[in-house]
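Here is the structure we will look at, set down as structure tokens.
The values are calculated or read from the model by the stated rules, or taken from the named source; none is laboratory data. Predicted model, so just to flag it, every value in this text is computed and none were measured. Ideal geometry is used to build each Cβ from the backbone, glycine not excepted, and the neighbour counts take in all protein chains shown. For accessibility, only protein heavy atoms count, side chains too; no ligands or nucleic acids. Shrake-Rupley method; radii C 1.70, N 1.55, O 1.52, S 1.80 Å.
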Amino acid sequence: MRGKNQHLQKDFFLYTASKAKCKTYINLREVTERFRLPPGEYVIIPTTFEAHQEGEFILRVFSEKRSTSEEAETSIGSDQIQPIVFVSDRARANKEIEHDGIQGEKKRKPKRKLLEPEEETEEEKQFRAIYQQIAGEDMQICANELKTIMKNVLAKHSEIKTEGFSLETCRSMIALMDTDGTGKLNLQEFKHLWRKIKEWQVIFRRYGKDKSCSISSFDMRNAVNDAGFHLNKQLYDIIAMRYADEHLNIDFDSYICCFVRLEGMFRAFNAFDKDGDGVIKLNVLEWLQLTMYS
């Protein structure tokens, strides 16, 4: 682990013996201990007698040479979030490519390969049937209709232990996938949303408790990291306060709502961060639009 700054997994504690710890671990107001250690890099982990309780501690270090320390998980970011490209967008892109091809002889542009239309899977064909039945002639769905469709789709997937998504979660899903600003989802947007949910569901099952009914706030750190989001301790604490129950467990509905919100906010930030320096400037209107419709 030398030189690394990251969240330590459970296996690290199972197979790595501690170099120093308190001789007695009891529920007292004050426990003091003094250690003398050889030079090296150490991870210091303060703990409380009961899990998930807050407490204060003082660490005093005496060293012969200059000593440095830092808090783990200080960087915030996400793996590259791919832009959402739907079939209609592919058709538009192909027109642009063809147009470039017409002008190519004059401009001598490199020839670009046409984008192939995506073929529907058997599962997507079933989605289309359910979608058409609920969406109606306009082939677009609002949050209430999305809730109904999700309930019907999830009923066909026994590996996902949930009664469906709440209306608030469905509104967040629409805000994430609504690329044309209509406040509704078309079929292509819905299929892309379902792919994201299936990806996140695989991660949920990896850490889920009680046959995938819930996930602990501790394991939520690993799940968030596996999904490509990198947060710090303060943000993990906020997620626990916002989405966990009184036992600090997060059910599937809250889990998906959290991931939808994370991806939506990172996507919006990246859109504003034109120069890629990690800093954006918003006026009050832009800030309210960003936070209210997410």
Please name all residue pairs, on different chains or six or more residues apart, with Cβ atoms under 6 Å, provided the first residue is in region 246-274 and is over 12 Å from Ser172 (Cα atoms) and of a type in the set (Asp, Glu) and the second residue is assigned to a loop (DSSP other than H, G, I, E, B) and open to solvent by 30 Å² or more (accessible area, probe 1.4 Å).
Asp273/Ile280
Of the residues that sit in region 45-60 and are among the β-branched types (Val, Ile, Thr) and surrounded by 10 or more Cβ atoms within 10 Å (Cβ to Cβ), which one is farthest from Arg29 (Cα to Cα)?
Ile45
Of the residues that sit in region 188-220 and are in contact with a strand residue (DSSP E or B) (Cβ under 9 Å, 6 or more places away or on another chain), aromatic (Phe, Trp, Tyr) and closer than 30 Å to Gln9 by Cβ, which one is surrounded by the fewest Cβ atoms within 10 Å (Cβ to Cβ)?
Tyr207
Members of region 266-287 that are in contact with a Leu (Cβ under 9 Å, 6 or more places away or on another chain), part of a helix (DSSP H, G or I) and of a type outside the set (D, E, K, R):
Ala268, Phe269, Phe272
Which of the numbered conditions does Leu185 fail, given that it passes all the others? Conditions: (1) open to solvent by 40 Å² or more (accessible area, probe 1.4 Å); (2) closer than 23 Å to Tyr293 by Cα.
(1)
Inter-residue pairs, beta-carbon under 9 Å, first among the acidic types (Asp, Glu) and in region 171-185, second in a strand (DSSP E or B), 6+ apart:
Asp178/Leu185; Asp180/Asn186
Go through (1) crowded, with 20+ Cβ neighbours inside 10 Å; (2) hydrophobic (A, V, I, L, M, F, W, C); (3) in a helix (DSSP H, G or I) one by one and return the number of the condition Ile250 breaks.
(3)
Among the residues of region 121-162, which ones are outside any helix (DSSP H, G or I), open to solvent by 20 Å² or more (accessible area, probe 1.4 Å), touching a helix residue (DSSP H, G or I) at 6+ places or on another chain (Cβ under 8 Å) and modelled with pLDDT under 85?
Met139, Lys156, Glu159, Lys161, Thr162
Single residue of region 229-245 satisfying the filter (open to solvent by 30 Å² or more (accessible area, probe 1.4 Å) and not acidic (Asp, Glu)) that is nearest to Ala175 (Cα to Cα)
Arg242
Does Asp180 satisfy the criteria of being open to solvent by 10 Å² or more (accessible area, probe 1.4 Å) and outside any helix (DSSP H, G or I)?
yes
Quick one: Val202 ticks every box in (1) assigned to a helix (DSSP H, G or I); (2) touching a helix residue (DSSP H, G or I) at 6+ places or on another chain (Cβ under 6 Å) bar one, so which box is it?
(2)
